[in-house]
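Here the structure comes first, spelled out in C-alpha cells, and everything after it is commentary.
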There are 2 protein chains.
Amino acid sequence: MTDHPEPTPAAPTRVERRRATRARILAGARALFAERGFERTTIRAVAAAAGVDPALVMQHFGTKRQLFTEAVQATAPAPGGSDPDALVDQLLTSLDIKLGGLPDGTLATLRSMLTDPDAAEHARRALGEQIDSLAGALPHGDDAELRAALVVTAMVGITIGHQLLALPALHDAPAERIAAVLRPAFKCLTQEAT
Amino acid sequence: MTDHPEPTPAAPTRVERRRATRARILAGARALFAERGFERTTIRAVAAAAGVDPALVMQHFGTKRQLFTEAVQATAPAPGGSDPDALVDQLLTSLDIKLGGLPDGTLATLRSMLTDPDAAEHARRALGEQIDSLAGALPHGDDAELRAALVVTAMVGITIGHQLLALPALHDAPAERIAAVLRPAFKCLTQEAT
DNA sequence: CCACTCACTCAACGCTTGTTGAGTGAGCGA
DNA sequence: TCGCTCACTCAACAAGCGTTGAGTGAGTGG
C-alpha cells in the first residue's frame, strides 16, 4: 500500500511553507506594531513571535520600514452612499467597529502616526480619503469638506480615547449608548448652517 | 570709583547660572519632545540644543524619563464655570488656543501618549480632569460624564488632525470658522437627550 | 591671596538595535 | 539515487543609545 501523493493533509510544498512563514511573520508584526508602535517594536521580537530567526525577517521584507509598510497596507473601505441620514448611521456603525475589534493594521497606523513620519503620511492619506468620500455625500456647500474633516477627526479622537488610552468614562459605556449620544451631534455637523 | 556690588546687569552668580542652564535644557527638551516624541528625542540632541554636554543633562535630571516628566509638568487649567452655554464658548475658545500655539509641554504629551506608557498615564490623568470638570458643569444626568468625555476626546482628535497631522481640510480653515461649525454640534452634545 | 567648591566637560562603558554574509541541511528535479 | 536549490539559522558587525566616573578650571568664601 503506497501512500497516494496528495490525498489529505500531509505534504506542504516548499513554496507553501515559505508563504506560510511569511504570513506568520506579517501577522506577528501587525500585532506587535499595533500594540507597541513602530519604534518600540524590534525585528527580534517579531521574529520571536513567529518562531523564526531575525535574519529571516530581513530576507523576507528587506527592511523594518518595508515590513511596517506591508503590515499596515489594508485600508478600510471609505464610506459611500448619498443619503446624509443613512450616512450618519453608517458612520456610527463604523464607530461601533472601531470601538470594538479594530483591525491590527489600522491600530498600528493609529498608534504610530504621531511619532513616525511614514505612519503619519499613511494616516494622512487614509483619513483624507475618508474625508473626501464623506464630503462628497454631504449637502453641498463651501464647508462640506471642513464638516467632513471635523466628523472624521472627532471620531479618531473618540477612538483613541476609548481604545488606546482606555479612558474610564468611555471604556465603561456600551457602544450603542455612545452611538445614541453621538447621533444628534453628528447630524448637526453634517447639515449646513443657516 | 569702585563698582557697586549689585547695580546693574553684569554679575550672574553661580547659582543663577546653574538655574539658567537648567531652564535652557528644559526648554530645549520640551521643544524636542513636542516635535519628535519621547523615543526619537535623544539626550544628546537635548544637550546640543542647550549648548551643553550630555552628561550635564543627566546631572540635572538623573534620567531621560525624569527629564520628560519634568518637561511635561505644566497642565492647562481645566475649564470651570456653571453656565452650559458659556461653557461651550469656553471650550471653543480653548480649541482656538489648541489650534494655534499649543504649549510645548502639552504637545509633547499629545505626541507621545500613544507610544509611551508614562505619557499615556499623564494624558489619562489630564484628560480625566478636563472630563470631570466639564461633566460637573453639564446638565445633570446619568450620562453627563459620557457626554463630557465625548466632547473632550473629539476635541483631542480635531487638534491632532489639525496640529500634528496637518490635514489640509483642517489646516486651511480659519479657526473662527471651525469654531462656528462646531458650536451647534457641541451644544447638541452638552444637552441631555429627551 | 589662597584653598576649596562646584558647574561643567571628556572619554568611555555596556547594551540594544537593524542589518549582513557565510553556512547547513532538508527537500526537490532528473 | 544524486546533486543542487533554497528556506532557514548562526555569529557577528557597526552605529547609536542612556548612562557613568574621573577630571578641570573659573569663581566663590574666608
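Annotations
- Restricting the range A:25-46 to residues that are within 12 Å of chain B (Cβ to nearest Cβ) and more than 12 Å from DNA strand D (Cβ to nearest atom), the residue that is surrounded by the fewest Cβ atoms within 10 Å (Cβ to Cβ): A:E35
- Selected residue (only one of B:L102, B:L67 is more than 12 Å from DNA strand D (Cβ to nearest atom) and either modelled with pLDDT under 95 or buried (at least 17 other Cβ atoms within 10 Å of the Cβ) (or both)): B:L102
- Lone qualifier among B:L26, B:L56 - being within 14 Å of DNA strand C (Cβ to nearest atom), out of contact with any Asp or Glu (no Cβ under 6 Å at 6 or more places or on another chain) and touching a residue at least 40 places away in the same chain (Cβ under 8 Å): B:L26
- In the range A:54-64, residue nearest to the other protein chains (Cβ to nearest Cβ) [restricted to those that are within 13 Å of DNA strand D (Cβ to nearest atom) and out of contact with any helix residue (DSSP H, G or I) (no Cβ under 6 Å at 6 or more places or on another chain)]: A:M58
- Among the residues of the range A:29-53, the ones that are under 16 Å from the mean Cα position of the chain (by Cα), away from DNA strand C (no atom under 11 Å from the Cβ) and small (G, A, S) come to 3 in all.
- Considering the range B:137-175, the residues that are of a type in the set (D, E, K, R) and either touching a residue at least 12 places away in the same chain (Cβ under 8 Å) or facing chain A (nearest Cβ under 7 Å) (or both) include one that is nearest to A:D118 (Cα to Cα), namely B:R147.
The values are calculated or read from the model by the stated rules, or taken from the named source; none is laboratory data. Remember, predicted model here, so these are calculated numbers, not experimental data. Every residue, glycine as well, gets a Cβ built from its backbone with ideal geometry; the counts of neighbours run over all protein chains shown.
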